[in-house]
């Protein structure tokens, strides 16, 4: 292809045949150019040719690559996304183009792919060296396919369909040299202004590759692929919305510079309730087009991906994407209600798509399905502060309402449970230490006979010596049966005179009735006196027993320093309070998240929380 | 912040637990006051 006169020349050994002139390439935002070189999987290549294709929504480039080993490949470039593919000879029979449906599985080289795009495109121009003739252009029915790892396309423009298989690549990973200079691109990317063909309002094109511009004054959507400025559609300007981020605003987000070039409003309707949200189209010379979406004060930064996540049916429809499982959140039909600014496709108000959202906070995978294509995009939750810092909107951004589908939970519970486990282990070791080292020594025991006289004449025990630290446990084992006794006890330190007074009521009743046997109370009683200092003590006991009762026998036992299990369980309870609070807050957060999904419980309300 | 508070509180709880075990404290122990006998006994006993 002669770049000066645009003639197509075909080489026959040493002879060149002139096939005539072809259309000019349309200027676009591509940083690539003929002669640029790069490295793919260790092999050096150069860009030696390009074809430009137009489809209903815009343009894309196919760059022809030649490796040092004379192997060739294609680098597909669309809206800042790149896919590198190699011609493949497949044994599998290929279906006819017209018989293919979106989402249809097709096996190529033993690998299963899913149809993601059906395009009746037209090759409109070319440059450089190409393995075929472009001439005045030709129809190019193309099928795009993808799976979780690879990308494929089937080109039906020739009699025999050609299959190309490869993968999505990042321009940075190809280590390319000889790209268009930033200054050249910047020079070509100067603002282009024109007047709206409908209302004459001044309009601006900021991004290279813009296909349509929406006029905010009259609601016309204008085709700007060429200078004819044909009106594509109109929308109702009475439904005008004011973008939170002004068109033309420049900002630095996630390591790249972006301009806000387009704004649109979309909405879904579920059970009669309309859920609107805003989408801002960002353009970066380095990164191409990205999106910022805003719903109820929550923001996502997203871009399209050519990988198709792998679906998993595990009770719920989930997908795997780059090693991460995303849970299905909702499926809804979304339609465009308002557009403003420029877009890289021919946008129309009212165009709709079925949107499937899958979440793995802070990420969200979205599939937008139309009759012709399935477009996957991957988004990441961005806090409003970051948006404000990047784009400095004229008004403060609205406060967040509720919980977004992919909003990261501030309550990560696992550290709490790990800490709880460590605390429990420490408490157990401490408790075992006390169990092993505690005295648990019986310092006194005595058999008592309690009768009516015990009430007026108290019983005084033999003196007993208490040493060390800890509690003092006083056990009374009686022979009560259908009877009670009240013991008024006093522990007296003989050296200091300090007294510990306490009363214990012991009762035990049993019998039979229509329900069988029953019992109530206990003939045994244990009382713990905390932190009793060492010394020599006596117990003074006054007993009150029912009138008419004879003698009651009581075995009195005093034990020094008996470990208390209740303290251990009390400590466990105290240690679990914080993890339980964190778990409860996280559960509440997740319940709020899923209350707006397809899996919301019937009685879920719209409680909100910032 | 909440997690750091938990770590500090947990260490304090362990310290309190150790001290309680050392002293032999019991939630179900008795204080040194003496309940008045007979106040509920008539209703309690069959």
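The values are calculated or read from the model by the stated rules, or taken from the named source; none is laboratory data. Quantities reported herein were computed from a predicted structural model and do not represent experimental measurements. Cβ coordinates were reconstructed from backbone atoms using ideal geometry, including for glycine residues, and neighbour counts include every protein chain displayed.
Pick from segment A:549-560 the residues that are outside any strand (DSSP E or B) and either surrounded by 18 or more Cβ atoms within 10 Å (Cβ to Cβ) or more than 13 Å from chain B (Cβ to nearest Cβ) (or both): which of them is modelled with the lowest pLDDT? The qualifying residue modelled with the lowest pLDDT is A:550. Criterion applied to A:402, A:421 was being at pLDDT below 95 and either farther than 14 Å from residue A:556 by Cα or outside the structural domain of residue A:537 (by TED's automatic domain parsing) (or both), and the one residue passing it is A:402. Whenever a residue of segment A:376-394 is without any contact (Cβ under 8 Å) to a residue 60 or more places away in the chain, its partners that are part of a loop (DSSP other than H, G, I, E, B), lying with C-beta atoms within less than 8 angstrom and at least six residues away or across chains, give the pairs A:388/A:396; A:388/A:397. Exactly one residue among A:348, A:333 is in contact with a strand residue (DSSP E or B) (Cβ under 8 Å, 6 or more places away or on another chain), modelled with pLDDT under 90 and farther than 16 Å from residue A:292 by Cα, and that residue is A:348. Screening residue A:507 on (1) free of Cβ contacts under 8 Å to residues at least 40 places away in the same chain; (2) away from chain B (no Cβ under 13 Å); (3) buried (at least 17 other Cβ atoms within 10 Å of the Cβ) shows it passes everything except condition (2). Collect the residues in segment A:524-539 that are within 14 Å of chain B (Cβ to nearest Cβ), over 60 Å from the mean Cα position of the chain (by Cα) and surrounded by fewer than 18 Cβ atoms within 10 Å (Cβ to Cβ), keeping them in residue-number order. Across segment A:524-539, the qualifying residue is only A:534.
Looking across A:563, A:579, A:546, one residue alone is closer than 21 Å to residue A:441 by Cα, within 11 Å of chain B (Cβ to nearest Cβ) and either part of a strand (DSSP E or B) or touching a residue at least 12 places away in the same chain (Cβ under 8 Å) (or both). It is A:563. Taking segment A:460-473 as the range and being assigned to a loop (DSSP other than H, G, I, E, B) and under 60 Å from the mean Cα position of the chain (by Cα) as the test, the residues that pass are A:468, A:469, A:470, A:471. Strands (runs of 3 or more DSSP E) fully within segment A:155-215 that include at least 1 residues being modelled with pLDDT of 75 or more and closer than 30 Å to residue A:115 by Cβ: A:162-169, A:212-214. Of all residues in segment A:269-298, those that are outside the structural domain of residue A:170 (by TED's automatic domain parsing) and surrounded by 20 or more Cβ atoms within 10 Å (Cβ to Cβ) have Cβ atoms under 6 Å from Cβ atoms of residues that are modelled with pLDDT of 90 or more and outside any strand (DSSP E or B), 6 or more apart or on another chain, in A:280/A:245; A:298/A:400; A:298/A:404. Note on segment A:484-504: residues that are facing another protein chain (nearest Cβ under 8 Å) and over 23 Å from residue A:554 (Cβ atoms) total 0.
Put simply, of A:142, A:107 the only residue that is in contact (Cβ under 8 Å) with a residue 12 or more places away in the chain and buried (at least 16 other Cβ atoms within 10 Å of the Cβ) is A:142. A single member of A:59, A:53, A:66 is part of a strand (DSSP E or B), surrounded by fewer than 22 Cβ atoms within 10 Å (Cβ to Cβ) and touching a residue at least 12 places away in the same chain (Cβ under 8 Å), and it is A:66. Please indicate, with yes or no, whether at least one residue in segment A:493-503 is in a loop (DSSP other than H, G, I, E, B), within 30 Å of residue A:573 (Cα to Cα) and in contact (Cβ under 8 Å) with a residue 40 or more places away in the chain. Among the residues of segment A:493-503, not one is in a loop (DSSP other than H, G, I, E, B), within 30 Å of residue A:573 (Cα to Cα) and in contact (Cβ under 8 Å) with a residue 40 or more places away in the chain, which makes the answer no.
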